[in-house]
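Visitor: Just dropping this structure here.
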Amino acid sequence: MKAFSLHTPLAESDLLPLQAGDQVLLTGRLYTARDTVHQRLAALLAKGLSPPFPLEGSVLYYCGPSPAPPGRVIGSAGPTTAGRMDPYTPALLAAGVRATIGKGPRSPAVHQAMAQYRAIYLAATGGTGALLAQTITEVLLVAYPELGPEAIYRLQVVDFPAIVAIDLAGRDLYREVRQLTVCGGTGC
Amino acid sequence: MREVAVSLLRDAVRDLCLEANVVIPDDTLQALERALIEETSLRGRSILEEILANDRRARECRLPACQDTGLAIVFLELGQDVSLVGGDLCQAINEGVRQGYRRGYLRNSVSVDPLRRANSGDNTPAVLHLEVIPGDSLRLVLLPKGGGAENASALSMLTPASGWEGVRRFVLEQVCRVGPSACPPLVLGVGVGGSFGSCALLAKKALLRPLGRSHPDPQVAAWEDELKTAVNNLGIGPMGLGGHTTALSVAIEVAPCHIASLPVAVNLNCHSHRHRSVTL
Ligand code: SF4
């Protein structure tokens with residue numbers, strides 16, 4: 001397992017050396033986006049309207065943080081299940097999103113869109129939001145405050161840890177693990 | 001008759017919310033530590049280390065162990081010789097949740113309407129399971145249930161001919177299909193028997209059994225061991241990224257059922273296995 005440092009916004013050339021299974025440490029800006037935000041962003045893009053933050057080279061973090069207690073910038077802030085965003089992801093990748101961070105496997109359609117638009121998928125460890133919050137130094141509400149924890153927040157992060165789950169060559173860690181499992185072998 | 005003011009329940013629920021979301025129970029931590037000793041996958045080991053570091057940090061810094069502080073599931077065992085006074089029981093429990101989630105800076109994760117989607121803003125309503133028991137005691141259990149693991153749960157109405165093999169297969173298929181998204185290592189609660197409704201509740205109750213404690217019926221205990229071994233042989237591992245630690249525990253609860261039925265339900269919980277109880 002190699003560890004790479006990445007700085008946002010990301011260019012395709014930043015992602016070329018990365019292989020599924022590599023550890024990355026992200027520094028820069030992550031934008032939180034969950035179910036409803038995805039629906040709204042996809043609707044904006046479909047209408048040709050501009051999204052509330054620049055998508056080109058951006059990193060989406062599937063996360064709905066808990067509120068910041070006094071003296072902290074954020075509460076707990078771990079990843080949510082990525083699969084729920086799959087229906088909207090290809091449109092966002094087409095609009096310039098370069099990496100997404102979540103947990104769990106992605107659909108074949110997302111897989112294909114990632115290859116087409118040259119993006120990667122990163123897995124962060126679910127249920128470690130207290131630990132991951134340590135890497136977040138600044139939080140800015142970007143849009144949709146009425147969504148509460150599901151609003152878009154811009155997180156400034158330093159060395160946010162994640163594992164490359166799907167790389168530019170299309171290698172997918174979840175699929176590889178699945179093929180080794182009894183699940184993959186027996187088709188159960 | 002013992003009179004109990006509902007405000008006592010309100011305060012107890014509030015305190016349970018504050019503790020349960022921050023402090024991962026000792027039996028879960030011990031199971032994670034054991035798993036770390038036994039796990040051979042390097043990636044699996046490093047994920048288990050992160051989880052343990054997270055749970056320590058949550059305790060020390062009084063932060064929620066996971067940002068998904070869940071739907072507040074409340075079990076109330078109510079002695080039949082208790083008379084609840086001073087207001088409405090459900091309102092008191094919801095008020096406890098409201099206060100606990102606000103004071104603890106816990107995330108509001110309840111949508112008031114399943115299809116029209118709007119956050120209720122205070123994590124209410126709670127889901128209340130009430131059971132009347134003999135005597136004059138009261139026991140409250142809070143299980144904050146995150147969406148990821150709850151979404152991976154399922155129920156099936158098998159036929160009696162399916163037998164244990166059918167139950168086993170159903171659970172394994174479910175874990176294979178959606179286990180990786182439910183933040184493994186998992187805690188599995190399995191309900192077998194009852195009706196379409198009570199079977200799911202059995203599975204949920206099975207989650208509350210202390211980890212490592214077997215079912216008192218030796219045959220059920222043997223099935224628990226068999227299923228745990230089978231789940232851990234799947235190879236899904238921590239966070240679904242490979243390894244031997246897929247489940248920390250499997251607990252099965254059984255109940256009588258219709259002669260034509262064999263209901264089975266599996267309720268998944270993630271490694272962030274938060275629950276806490278108090279007896280009043
Ligand atoms: S499944 Fe559990 S640990 Fe994972 S994000 Fe949901 S509540 Fe947290």
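The values are calculated or read from the model by the stated rules, or taken from the named source; none is laboratory data. Note that this is a predicted model, so its numbers are computed, not measured. Here the Cβ positions follow ideal geometry from the backbone for every residue, glycine too, while neighbour counts run over all protein chains shown. Accessible surface areas use protein heavy atoms only, side chains included; no ligands, DNA or RNA. Shrake-Rupley method; radii C 1.70, N 1.55, O 1.52, S 1.80 Å.
Visitor: Applying the selection to segment A:137-166, what residues are of a type in the set (Gly, Ala, Ser), assigned to a strand (DSSP E or B) and more than 12 Å from the chain's Cα centre (by Cα)?
Guide: Matches in segment A:137-166: A:ALA143 only.
Visitor: Which of the following residues is open to solvent by less than 10 Å² (accessible area, probe 1.4 Å) and within 9 Å of another protein chain (Cβ to nearest Cβ): A:GLY148, A:GLY83, A:GLY127?
Guide: Selected residue: A:GLY127, the only one of A:GLY148, A:GLY83, A:GLY127 that is open to solvent by less than 10 Å² (accessible area, probe 1.4 Å) and within 9 Å of another protein chain (Cβ to nearest Cβ).
Visitor: Does A:PRO69 count as within 16 Å of the ligand (Cβ to nearest atom), facing another protein chain (nearest Cβ under 8 Å) and either under 17 Å from B:ASP68 (Cα atoms) or surrounded by 24 or more Cβ atoms within 10 Å (Cβ to Cβ) (or both)?
Guide: Taking the combined requirement at face value, the residue does not satisfy it.
Visitor: Now, a different point. Got at least one residue in segment A:54-61 being within 16 Å of the ligand (Cβ to nearest atom), away from every other protein chain (no Cβ under 11 Å) and open to solvent by less than 20 Å² (accessible area, probe 1.4 Å)?
Guide: Within segment A:54-61, the first condition is being within 16 Å of the ligand (Cβ to nearest atom), and the residues that meet it are A:61.
Add one more test, that the residue is away from every other protein chain (no Cβ under 11 Å), and what stays is A:61.
Subset that is open to solvent by less than 20 Å² (accessible area, probe 1.4 Å): A:61.
There is at least one residue in segment A:54-61 that is within 16 Å of the ligand (Cβ to nearest atom), away from every other protein chain (no Cβ under 11 Å) and open to solvent by less than 20 Å² (accessible area, probe 1.4 Å).
Visitor: Somewhere in segment A:98-113, is a residue surrounded by 24 or more Cβ atoms within 10 Å (Cβ to Cβ), part of a strand (DSSP E or B) and at the interface with chain B (Cβ under 10 Å from one of its Cβ atoms)?
Guide: Yes - at least one qualifying residue is present in segment A:98-113.
Visitor: Restricting to segment B:51-97, name every residue that is crowded, with 24+ Cβ neighbours inside 10 Å and in a helix (DSSP H, G or I).
Guide: Correct list: B:ILE51, B:ASN54, B:ASP55, B:ALA58, B:ILE93, B:GLY96, B:VAL97.
Visitor: Now, a different point. Does A:GLN134 satisfy the condition of being open to solvent by 40 Å² or more (accessible area, probe 1.4 Å) and over 17 Å from the mean Cα position of the chain (by Cα)? Working first, answer last.
Guide: On the way: open to solvent by 40 Å² or more (accessible area, probe 1.4 Å): yes; over 17 Å from the mean Cα position of the chain (by Cα): yes.
Against the criterion (open to solvent by 40 Å² or more (accessible area, probe 1.4 Å) and over 17 Å from the mean Cα position of the chain (by Cα)), A:GLN134 qualifies.
Visitor: Can you tell me how many residues in segment B:221-247 are outside any loop (DSSP other than H, G, I, E, B), farther than 23 Å from A:ILE101 by Cβ and not charged (D, E, K, R)?
Guide: The qualifying residues number 9.
Visitor: Please verify whether B:ALA251 is more than 13 Å from chain A (Cβ to nearest Cβ) and either under 12 Å from the mean Cα position of the chain (by Cα) or surrounded by 24 or more Cβ atoms within 10 Å (Cβ to Cβ) (or both), treating the condition exactly as stated. Don't jump to the end; show me each part of the working.
Guide: Details: more than 13 Å from chain A (Cβ to nearest Cβ): yes; either under 12 Å from the mean Cα position of the chain (by Cα) or surrounded by 24 or more Cβ atoms within 10 Å (Cβ to Cβ) (or both): yes.
Against the criterion (more than 13 Å from chain A (Cβ to nearest Cβ) and either under 12 Å from the mean Cα position of the chain (by Cα) or surrounded by 24 or more Cβ atoms within 10 Å (Cβ to Cβ) (or both)), B:ALA251 qualifies.
Visitor: Select from segment B:159-195 the residues that are small (Gly, Ala, Ser), assigned to a strand (DSSP E or B) and within 16 Å of the ligand (Cβ to nearest atom) and list them in ascending order.
Guide: If the condition is that a residue be small (Gly, Ala, Ser), assigned to a strand (DSSP E or B) and within 16 Å of the ligand (Cβ to nearest atom), then B:GLY189 is the only one that fits.
Visitor: I'd like to check something: does segment B:1-15 contain any residue that is open to solvent by 20 Å² or more (accessible area, probe 1.4 Å), within 20 Å of B:ARG107 (Cβ to Cβ), of a type in the set (Asp, Glu) and in contact with a strand residue (DSSP E or B) (Cβ under 7 Å, 6 or more places away or on another chain)?
Guide: Going residue by residue through segment B:1-15, those that are open to solvent by 20 Å² or more (accessible area, probe 1.4 Å) are B:1-3, B:5, B:7-8, B:10-11, B:14-15.
Filter once more, so that each one left must be within 20 Å of B:ARG107 (Cβ to Cβ): B:14-15.
Checking the rest, the ones that are also of a type in the set (Asp, Glu) come to B:15.
Keeping just the survivors that are in contact with a strand residue (DSSP E or B) (Cβ under 7 Å, 6 or more places away or on another chain) gives none.
For segment B:1-15, residues open to solvent by 20 Å² or more (accessible area, probe 1.4 Å), within 20 Å of B:ARG107 (Cβ to Cβ), of a type in the set (Asp, Glu) and in contact with a strand residue (DSSP E or B) (Cβ under 7 Å, 6 or more places away or on another chain): absent.
Visitor: Can you tell me which of (1) away from chain A (no Cβ under 14 Å); (2) of a type in the set (Gly, Ala, Ser); (3) open to solvent by less than 20 Å² (accessible area, probe 1.4 Å) is the one B:ALA230 doesn't meet?
Guide: In the conditions (1) away from chain A (no Cβ under 14 Å); (2) of a type in the set (Gly, Ala, Ser); (3) open to solvent by less than 20 Å² (accessible area, probe 1.4 Å), B:ALA230 misses (1) alone.
Visitor: Scan segment B:73-90 and report the pairs whose first residue is without any contact (Cβ under 8 Å) to a residue 60 or more places away in the chain and whose second residue is open to solvent by 50 Å² or more (accessible area, probe 1.4 Å), with Cβ atoms within less than 7 Å and a gap of 6+ or a chain change.
Guide: B:GLN80/B:VAL132; B:GLN80/B:PRO134; B:CYS90/B:LEU128
Visitor: With A:ALA46, A:ALA20 as the choices, which residue is out of contact with any strand residue (DSSP E or B) (no Cβ under 9 Å at 6 or more places or on another chain) and of a type outside the set (Ser, Thr, Tyr)? Talk me through it step by step, then tell me what you get.
Guide: Values: A:ALA20 fails: out of contact with any strand residue (DSSP E or B) (no Cβ under 9 Å at 6 or more places or on another chain).
Just a single option satisfies the conditions, and that option is A:ALA46.
Visitor: Somewhere in segment B:11-20, is a residue β-branched (Val, Ile, Thr) and away from chain A (no Cβ under 13 Å)?
Guide: Yes, because at least one residue in segment B:11-20 is β-branched (Val, Ile, Thr) and away from chain A (no Cβ under 13 Å).
Visitor: Another question about this same structure. Against the definition (within 16 Å of the ligand (Cβ to nearest atom), modelled with pLDDT of 95 or more and under 30 Å from B:VAL175 (Cα atoms)), how does A:ARG106 come out, yes or no?
Guide: no
Visitor: Next up: Test each condition in (1) farther than 17 Å from B:ALA31 by Cα; (2) at the interface with another protein chain (Cβ under 10 Å from one of its Cβ atoms); (3) open to solvent by less than 10 Å² (accessible area, probe 1.4 Å) for B:VAL178 and report the one that comes out false.
Guide: Against the list (1) farther than 17 Å from B:ALA31 by Cα; (2) at the interface with another protein chain (Cβ under 10 Å from one of its Cβ atoms); (3) open to solvent by less than 10 Å² (accessible area, probe 1.4 Å), B:VAL178 comes up short only on (3).
Visitor: Being in a strand (DSSP E or B), within 12 Å of the ligand (Cβ to nearest atom) and either over 14 Å from A:VAL37 (Cα atoms) or not aliphatic (A, V, I, L, M) (or both), is that true of even one residue in segment A:75-91?
Guide: Scanning segment A:75-91, I find at least one residue that is in a strand (DSSP E or B), within 12 Å of the ligand (Cβ to nearest atom) and either over 14 Å from A:VAL37 (Cα atoms) or not aliphatic (A, V, I, L, M) (or both), so the answer is yes.
Visitor: Scanning segment B:125-158 for residues that are among the charged types (D, E, K, R) and assigned to a strand (DSSP E or B), which turns out nearest to the ligand (Cβ to nearest atom)? Step through it out loud before you land on a result.
Guide: Residues of segment B:125-158 that are among the charged types (D, E, K, R), as a first pass: B:131, B:136, B:139, B:145, B:150.
Filter once more, so that each one left must be assigned to a strand (DSSP E or B): B:131, B:139, B:145.
On the way: B:GLU131: 25, B:ARG139: 24, B:LYS145: 8 Å.
Of everything passing the filter in segment B:125-158, B:LYS145 is nearest to the ligand (Cβ to nearest atom).
Visitor: Another question about this same structure. Only one of (1) within 11 Å of chain A (Cβ to nearest Cβ); (2) modelled with pLDDT of 95 or more; (3) touching a strand residue (DSSP E or B) at 6+ places or on another chain (Cβ under 7 Å) is not met by B:ARG107, so which one is it?
Guide: So B:ARG107 meets the others, but not (3).
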